[in-house]
Amino acid sequence: MEIVILAVVIAVVLVGAVSALVVGGRRKKQLPPAERPSATPTITTPPAEPRVGDEAETPRDESRRTIEEVDLPTAEAPEAPPAEAEPAPAAPEVEVPEPTEGRLVRLRARLARSQNALGKGLLTLLSREHLDEDTWEEIEDTLLTADVGVVPTQELVERLRERVRVLGTRTPQELRTLLREELLKLVSTDAPRAVKTDNGLETPAVVMVVGVNGTGKTTTTGKLARVLVADGKSVVLGAADTFRAAAADQLQTWGERVGARTVRGPEGGDPASIAFDAVKKGIAEHADVVLIDTAGRLHTKAGLMDELGKVKRVVEKQAPLDEVLLVLDATTGQNGLVQARVFAEVVNITGIVLTKLDGTAKGGIVMAVQRELGVPVKLIGLGEGPDDLAPFDPEAFVDALIGD
């Protein structure tokens with residue numbers, strides 16, 4: 001029995017010793033407390049950038065700054081070269097217009113080439129051996145087609161009938177002389193044809209240019225300024241056409257070409273006020289002539305025509321109005337006579353300017369408009385060139401009509 005008890009004690013001691021050895025071995029394999037992972041992950045800063053050479057060492061913990069906190073060196077801007085002063089705009093070159101005398105010679109030749117259809121047609125008909133009623137009707141039709149007008153045509157035909165009957169035998173030269181004399185009677189007038197640019201007063205002569213839309217008033221005003229400058233006159237231009245876009249710019253360009261000053265105002269402004277200022281400027285500068293370009297207006301609109309009368313009254317508060325030139329498009333024919341009648345009722349028309357009197361025009365309008373208004377044609381325009389405007393010469397006009 002004692003032996004059994006001793007064996008059990010020895011077994012218990014051995015079990016305890018083995019257990020102690022096993023527990024001790026497990027404790028040696030556990031990590032130290034400092035190296036145990038924590039439940040919450042920590043964010044560490046990235047390692048310092050590797051360094052080279054003498055700077056190669058173990059990276060140290062360093063405080064880092066954002067790019068906003070770092071003072072970056074400012075790049076010095078290169079010195080700009082000194083700014084050169086902008087050259088002043090060159091003044092427009094002042095042109096010297098062609099003298100009136102030389103212009104008339106050139107325009108006569110052009111008119112002869114473009115307008116002698118009327119004269120040639122009449123000479124051909126009058127040269128027939130027998131002038132019966134049918135021939136005289138053809139002569140009337142030729143004159144009416146050329147816009148001579150009904151009354152002037154009837155008067156001319158009656159005089160031609162009588163003179164041909166008295167003349168009897170008709171040579172070409174005799175017919176030419178006869179026709180020239182009769183046409184001159186229709187074209188001639190006792191009224192002076194020169195544009196009045198010298199009123200004998202201390203104030204400048206004032207010329208107002210009127211007409212319907214599209215007849216070429218602004219261009220005519222600019223060309224007339226060239227004619228006056230060529231004759232040794234000093235000119236001030238009044239851009240009273242405030243309704244048409246760029247009309248003032250167009251007139252100013254015409255003035256700058258010949259050294260004439262232009263008085264203008266805002267687009268859509270009061271034309272009477274601009275005309276008033278133009279005359280005032282002409283008086284202050286002792287100019288010889290003030291040319292006032294007015295807006296084109298429909299002759300059927302009473303309000304526009306009344307405004308034209310207002311411009312006239314305002315101008316006359318500064319100085320007398322010496323000329324009112326009505327610009328007519330020669331290609332409009334008898335419709336130009338209707339325009340002329342209405343304008344004559346509003347302002348006192350003193351002269352006619354016939355534009356576009358080229359190959360498409362009918363020369364008889366000269367006779368018709370003079371008969372209708374009782375005022376002379378003073379200027380004619382024959383083309384688009386700056387010097388294609390000249391005083392009207394009745395003899396040159398008739399010679400051009402009947403040809404050589």
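The values are calculated or read from the model by the stated rules, or taken from the named source; none is laboratory data. Not measured: the values here are computed from a predicted model. Virtual Cβ from ideal backbone geometry, glycine too; neighbours counted across all protein chains shown. Heavy atoms of the whole protein, side chains included, go into the accessibility calculation; ligands, DNA and RNA do not. Shrake-Rupley method; radii C 1.70, N 1.55, O 1.52, S 1.80 Å.
Sort out which residues of segment 250-275 are touching a Lys or Arg at 6+ places or on another chain (Cβ under 7 Å), closer than 23 Å to GLU316 by Cα and part of a helix (DSSP H, G or I), and write them in order of number.
Residues satisfying the conditions are ALA272, ILE274.
Can you find, within segment 129-175, the residue that is surrounded by the fewest Cβ atoms within 10 Å (Cβ to Cβ) among those that are outside any helix (DSSP H, G or I) and of a type in the set (D, E, K, R)?
GLU129
Does ARG180 fit the bill of being among the basic types (Lys, Arg), under 15 Å from GLY119 (Cβ atoms) and modelled with pLDDT of 85 or more?
yes
What number of residues in segment 281-296 are crowded, with 24+ Cβ neighbours inside 10 Å and not in a strand (DSSP E or B)?
Going through segment 281-296 one residue at a time, the tally reaches 1.
Tell me which residues, restricted to segment 195-220, are modelled with pLDDT of 90 or more and aliphatic (A, V, I, L, M).
Across segment 195-220, the qualifying residues are VAL195, ALA205, VAL206, VAL207, MET208, VAL209, VAL210.
Filter segment 226-247 down to the residues that are within 18 Å of the chain's Cα centre (by Cα) and closer than 22 Å to VAL96 by Cα, then identify the one that is surrounded by the most Cβ atoms within 10 Å (Cβ to Cβ).
GLY238
Given the conditions (1) touching a Lys or Arg at 6+ places or on another chain (Cβ under 8 Å); (2) at pLDDT 80 or above, and given that ILE349 satisfies all but one, which numbered condition is not satisfied?
Against the list (1) touching a Lys or Arg at 6+ places or on another chain (Cβ under 8 Å); (2) at pLDDT 80 or above, ILE349 comes up short only on (1).
Among the residues that make up segment 331-339, is at least one of them open to solvent by 40 Å² or more (accessible area, probe 1.4 Å), under 19 Å from THR189 (Cα atoms) and either aliphatic (A, V, I, L, M) or assigned to a helix (DSSP H, G or I) (or both)?
no
Kindly indicate which of ASP306, ASP322, ASP387, ASP399 is touching a residue at least 60 places away in the same chain (Cβ under 8 Å), in a helix (DSSP H, G or I) and open to solvent by 10 Å² or more (accessible area, probe 1.4 Å).
Step by step, each of ASP306, ASP322, ASP387, ASP399 is checked, and only ASP399 is touching a residue at least 60 places away in the same chain (Cβ under 8 Å), in a helix (DSSP H, G or I) and open to solvent by 10 Å² or more (accessible area, probe 1.4 Å).
In segment 112-128, what residues are at pLDDT 80 or above and open to solvent by 40 Å² or more (accessible area, probe 1.4 Å)?
Across segment 112-128, the qualifying residues are THR124, SER127, ARG128.
Go through segment 373-398 residue by residue and tally those that are more than 15 Å from LYS223 (Cβ to Cβ), in contact with a Lys or Arg (Cβ under 7 Å, 6 or more places away or on another chain) and not β-branched (Val, Ile, Thr).
Going through segment 373-398 one residue at a time, the tally reaches 2.
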